[in-house]
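The values are calculated or read from the model by the stated rules, or taken from the named source; none is laboratory data. Fair warning: this is a prediction, and the values are worked out from it, not measured in the lab. Quick reminder, even Gly has a Cβ in these numbers, built from the backbone with ideal geometry, and neighbours come from all protein chains shown.
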Amino acid sequence: MEKFNIAIDGPAGAGKSTIARLVAGNLGFVYVDTGAMYRAVTWKILDEGLGDEQTAEMIALTKRTDIRLTPGENGQTVFVDGRDVTGLIRSAEVTGNVSRVSSIGEIREVLTRKQKEMAAGKGVVMDGRDIGSHVLPNAEVKVFLTASVRIRAERRLREIADTQPDVSLEQLMQDIAERDRMDEQREVSPLKRAPDAVLIDTTEMTIPEVVDRILELCKSRIGGGK
Ligand code: CDP
Ligand code: CDP
């Protein structure tokens, strides 16, 4: 079967990266986690100690920072200027700052350009917030994953139960709702379902059910299997 691109967007905790990785594995495609790229830039900005108001410095830093994604044992390994930051970019500090950084238009332009290059050869499953609407408007398959705020917070709580036992469900629900709000309301490429993206509400779906649904969609859009 010819290669094509799949765009998967949606809010935090909807299951994008889990599902995108499995779909990519099934089709033999490359998975690209664009949220990891925004997190990598945010980590670098915090590491350099740049303040909220230093927007010009943040943009310059983004332009000269080398971000690489490579398939790793547990998903994607992320390198910033050669350093493995895979674990560091998931910290609460990065999560708390990433939506502010990703609202800066020039930073989005730099990362969008890289993302378009990564998908140019097709055979890519890319997940994020603006992939179907902005980065890959011509993606052959577009999916918008969503789920209730409560279930998304419950999923996150399960993930961090061992490492951050003090965080409550209420706190996570608040954090997720706030990040959704910032991502949906920013001026540049906000989180929005592209008109031609298929909406899948995963609130009551298992991971294999969602993966199957997307693979079916690929078959019906593209025709044929592997
Ligand atoms: O995995 P999680 O849903 O927590 O978020 P993520 O996919 O790692 O994305 C982190 C943040 O990066 C989002 O909350 C957005 O602010 C930003 N982002 C974006 O603006 N555009 C994208 N294409 C991907 C992520
Ligand atoms: O990338 P995004 O933030 O959209 O979500 P994720 O990190 O892929 O998924 C968040 C958590 O929800 C993971 O622990 C998944 O295993 C879980 N999940 C689930 O339980 N049921 C689904 N249908 C989808 C994801």
* Have a look at Val78, Val23 and point out the one that is hydrophobic (A, V, I, L, M, F, W, C) and within 15 Å of ligand 1 (Cβ to nearest atom). => Val78
* Within the bounds of segment 166-185, is there any residue that is among the small types (Gly, Ala, Ser), closer than 30 Å to Ile107 by Cα and away from ligand 2 (no atom under 13 Å from the Cβ)? -> yes
* **Checking Gly123 against (1) more than 15 Å from the chain's Cα centre (by Cα); (2) at negative phi, the condition it does not meet** => (2)
* To do: Starting from segment 125-140, take each residue that is touching a residue at least 12 places away in the same chain (Cβ under 8 Å) and closer than 20 Å to Ser220 by Cβ and list its partners that are among the charged types (D, E, K, R) and away from ligand 2 (no atom under 16 Å from the Cβ), counting only C-beta distances under 9 angstrom and pairs at least six apart or across chains.
  => Gly132/Asp196; Leu136/Lys116; Glu140/Lys122; Glu140/Arg221
* Asked: Out of all the residues in segment 26-42, is one or more surrounded by 21 or more Cβ atoms within 10 Å (Cβ to Cβ), within 7 Å of ligand 1 (Cβ to nearest atom) and aromatic (Phe, Trp, Tyr)?
  -> yes
* To do: Please find, among Val110, Val141, Val149, the residue that is within 16 Å of ligand 2 (Cβ to nearest atom) and either out of contact with any helix residue (DSSP H, G or I) (no Cβ under 8 Å at 6 or more places or on another chain) or among the β-branched types (Val, Ile, Thr) (or both).
  => Val149
* **Pairs with Cβ under 9 Å, 6+ apart, first in segment 7-27 and charged (D, E, K, R), second crowded, with 24+ Cβ neighbours inside 10 Å and in a loop (DSSP other than H, G, I, E, B)** => Asp9/Arg129; Asp9/Asp130; Lys16/Gly10
* Asked: What is the residue count in segment 113-138 for residues that are within 13 Å of ligand 2 (Cβ to nearest atom) and either small (Gly, Ala, Ser) or in contact with a Ser or Thr (Cβ under 8 Å, 6 or more places away or on another chain) (or both)?
  -> 5
* Of the criteria (1) under 16 Å from the mean Cα position of the chain (by Cα); (2) within 25 Å of Arg156 (Cβ to Cβ), which one Asp47 fails -> (1)
* Residues satisfying the stated conditions in segment 121-173, i.e. modelled with pLDDT of 95 or more, within 10 Å of ligand 1 (Cβ to nearest atom) and among the charged types (D, E, K, R) -> Asp127, Arg129, Asp130, Arg152
* Asked: Can you name the condition, by its number, that Thr65 falls short on among (1) within 12 Å of ligand 1 (Cβ to nearest atom); (2) over 28 Å from Lys142 (Cα atoms); (3) of a type in the set (Ser, Thr, Tyr)?
  -> (1)
* Asked: Given Val101, Val80, Val141, which one is touching a Leu at 6+ places or on another chain (Cβ under 7 Å) and more than 16 Å from Pro11 (Cβ to Cβ)?
  -> Val141
